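Peer 1: Mind looking over this structure? Questions follow.
What follows is calculated from the coordinates using simple rules that are stated; it is not laboratory data. Because the structure is a prediction, the values reported are computed rather than measured.
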Amino acid sequence: MKVSGFSFIRNAIKYDYPIVEAITSILPICDEFIVAVGESEDETMQLIASIDSPKIKILPTIWDDTLRDSGRVLAVETDKALQAVAKDSDWAFYIQGDEVVHEQDLPAIQEAMRLWKDNASVEGLLFKYHHFYGSYKYIGDSRRWYRREVRIIRPNQDVFSYRDAQGFRKKPNDKLRVKLIDAYMYHYGWVKPPRKQYEKRMEFNRLWSPEDLSMDAHDFNYQDIDSLKIFEGTHPAVMQERYKRYNWSFEFDASKAKVKLKDKILHAIYKNTGIWLFEYRNYKRI
């Protein structure tokens, strides 16, 4: 079984992306790893080149910042990396610059890839998610967060990154048929120092808006959130050094959670029945 990892990144240092941790978290089960490195304002290229592995293959790219239709440029950059994976790979393992896999889940991921490798009806593998917010202590538990997404696919010319690179589809615009696996993606996109988070959000706003937004020096307001819960697990080993550098304070008062009544009812139904009503799914679970 041959597995290609792939990702894209730009301005990793400027916006404090854990891209090295993301790549190295799945590198042990990949035969190669393609990184589309966009022209940056910092030393992102040198950062990726510093990863000590012959598996790493760097693809220099230039982002088309005119593609501001709902973050379309992110999908374009994802596709550049996907198109560069080895043609004889059985699976392509996608990970974004703020996602990390826990080492405890690697055996289950490998087993799932082996199990479904020769079953052409399975077009992808679906991961569960932990969305960290504000600090490494809290995860989102409201309906604003997506519960699952496809991160392992069969690399072929029909598969493409969808919308803002959250997931994948196949031509012309069909959802992938996928199997849910017993593994989590740890999403750290909302865990940065408040100033870095503000700067990153302003940069992302530019990818969705045709106007060049001004960016004053502000800190991100982490208190503007509906509901969180305490994370009771452990963080991936590759995140330990970053976790030790945690140097800002954030506490969430659960008694002040701002969840709409409709969402409270839907969440109660889920807790009692396991049914998540009205969930957006960019895939077909089989």
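Peer 1: Fully extended, how many nm does the chain gain between LYS55 and ARG195 (0.36 nm per residue separation, minus their Cα-Cα distance)?
Peer 2: Computed gain between LYS55 and ARG195 is 47.0 nm.
Peer 1: Quick one: which of LYS14/LYS175; LYS80/LYS179; LYS80/LYS229; LYS192/LYS262; LYS117/LYS175; LYS14/LYS55 span more than 27 angstrom between C-alpha atoms?
Peer 2: Beyond 27 Å: LYS14/LYS175; LYS80/LYS229; LYS192/LYS262.
Peer 1: Once every DSSP H run of n ≥ 4 in the chain is given -39500 (n - 2.57) and the sum is divided by its residues, what mean residue ellipticity at 222 nm do you get, rounded to the nearest 500 deg cm²/dmol?
Peer 2: Value at 222 nm, helices only, nearest 500: -7000 deg cm²/dmol.
Peer 1: As an exercise, find the ratio Rg/Rh for the chain from alpha-carbon atoms, using the Kirkwood inverse-distance average for Rh.
Peer 2: Values: Rg = 18.7 Å, Rh = 19.8 Å.
Dividing the radius of gyration by the Kirkwood radius yields 0.95.
Peer 1: Of the beta bridges DSSP finds with both residues in the chain, what % are antiparallel, to the nearest 5?
Peer 2: 45 percent
Peer 1: Want the number for SER70 to PHE160: 0.36 nm per residue separation, take away the alpha-carbon distance, what's left?
Peer 2: Using 0.36 nm per residue and subtracting the Cα-Cα distance, I get 30.8 nm.
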